[in-house]
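The values are calculated or read from the model by the stated rules, or taken from the named source; none is laboratory data. Here the structure is a predicted model, which is why all the values come from computation and not from measurement. Cβ placement follows ideal geometry from the backbone for every residue including glycine, while neighbour counts extend to all protein chains displayed. Only protein heavy atoms, including side chains, enter the accessible area calculation; ligands, DNA and RNA are left aside. Shrake-Rupley method; radii C 1.70, N 1.55, O 1.52, S 1.80 Å.
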Amino acid sequence: MHERFVISNVKLITGEAIDIIIANGIIVEVVEAGYGLGSHIVDYSGSYVSSGWIDMHVHAFPDFDPYGDEIDEIGVKQGVTTIVDAGSCGADRIGELVTRSEKSDTRVFAFLNISTIGLARTDELSDLEWIDNAKTIQAVQDFGHFIVGLKARISSSVVGEHGLVPLHIARELAKQTSLPLMVHIGSGPPNIKDVIPLLEQKDIVTHYLNGKSNNLFDEEGKPLRVLVNAIERGVHLDVGHGSASFSFKVAEFAKQHHIDPHTISTDIYRRNRLNGPVYSMSQTLTKFLYLGYSLQEVIATVTTRAAEWLDKPELGRIQVGDVANLTIFTVNDEQTVLVDSDGIQRTSDKRIEAKGVVVNGQFIECEIWA
Ligand code: ZN
Ligand code: ZN
């Protein structure tokens, strides 16, 4: 990166236009638009800037199929400077994910799957032999800087005949490691009304807008009592779009009842990135603009809100003296067809497009898909 690299004429989501000057990967000055001095000035008139986007639910371990992908493909190349792997790996292979992350431009954190095999299989909690508390606790000790929580996928195809047993074990492991849980929900059994009461403050329920029969809203679109109670306890709602877990119908129910996402995440991996319905973080964010959330609200879910949950406030701000961690994007007045996980299409008249990021001391241009 140049000596004094100036990102010129970019708008904050508040509308204020600024120049950001970066030297040696650090933000050294933020000034009124047009006043930035430096050796390399790039004009971004018409673009927005925010702190680097954070995706709280991705699958970044490329060896696994279907739930795997290359780190930078789902990170910096689509405007996301920080990804949080959602339990692709358990204790057996988390060390390999750490090694891979060190060779990537994208910043990586992870939820450790309570199944030691992780997503080597998609029914990773169907045999309780695959849960080994000692190994899991050891992995947390070894990679504490990298692991931000524990992951348990609590739906019928994952837990088989074990119902709530894996979730009770996860709860106990959370206590022993002082880590929060991210719990995937989906088809029952177990019944969602039995799952949600086991979540505590700071835990995350991911896939909260899924349209399966075991979802969090009743026939009339009202949020279930267990959900309302969980929000009051401080349980965090995460989108985790994925191939099967985002329904426009349910998202509209949620919007109507102000059951808003704390974090918007993609649950992206190779197949749903290339073939949809996820494609990218930009496209996922566009869906929430379409639903009627403001640009400020949408961007907050992938910046300040996610950074707060991670206890890393510096990742959610643009401040002189900080390591530069930025996403540059546009909001285009452009018709775009959006599709949810149930194949339902909606047409939006706006589209968010990621243009580039500054991370790891570099400016990286985004590659555009959908
Ligand atoms: Zn899931
Ligand atoms: Zn996932």
(Q) Tell me the angle of helix 281-290 to the major Cα principal axis of the chain, expressed in degrees between 0 and 90 and rounded to the nearest ten. (A) 90
Q. Largest first, what is the accessible-area ranking of Glu70, Glu232 with a 1.4 Å probe?
A. Glu232, Glu70
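For Asp333 and Ser178, calculate 0.36 nm times their separation in residues minus their Cα-Cα distance, and state this gained length in nm to one decimal. Each step should come with its number before you reach the end.
On the way: separation 155, 0.36 × 155 = 55.80 nm, distance 4.58 nm.
So the extension gain works out to 51.2 nm.
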Q. So how exposed is Leu164, as accessible area in Å² (1.4 Å probe, rounded to 10)?
A. 40
Q. Ignoring ligands and nucleic acids, what accessible area does His258 show with a 1.4 Å probe (Å², nearest 10)?
A. 140
Q | Gln296 versus Asp342: modelled label distance in nm, points set 7 Å from Cα along the beta carbon direction | A | 3.2
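Ordering Phe253, Phe61 from largest to smallest accessible area (1.4 angstrom probe), what's the sequence?
Numbers: Phe253 40, Phe61 0 Å².
Final ranking, largest accessible area leading: Phe253, Phe61.
When the accessible area of region 53-315 is computed with all protein chains present and a 1.4 Å probe, what percentage of it is carbon and sulfur?
On the way: 4230 of 9220 Å².
With neighbouring chains kept in place, the figure for region 53-315 is 46 percent.
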Q. If you line up the long axis of helix 165-177 against the longest principal axis of the chain, both from Cα atoms, how many degrees apart are they, to the nearest 10?
A. 50
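For the chain, what proportion of DSSP beta bridges, expressed in % and rounded to the nearest 5, is antiparallel?
Roughly 50 percent of the DSSP beta bridges within the chain come out antiparallel.
Just reorder Leu167, Leu198 by solvent-accessible area, largest first, 1.4 Å probe, all chains present. All intermediate terms of the calculation are to be shown ahead of the outcome.
On the way: Leu167 0, Leu198 40 Å².
From most exposed to least exposed: Leu198, Leu167.
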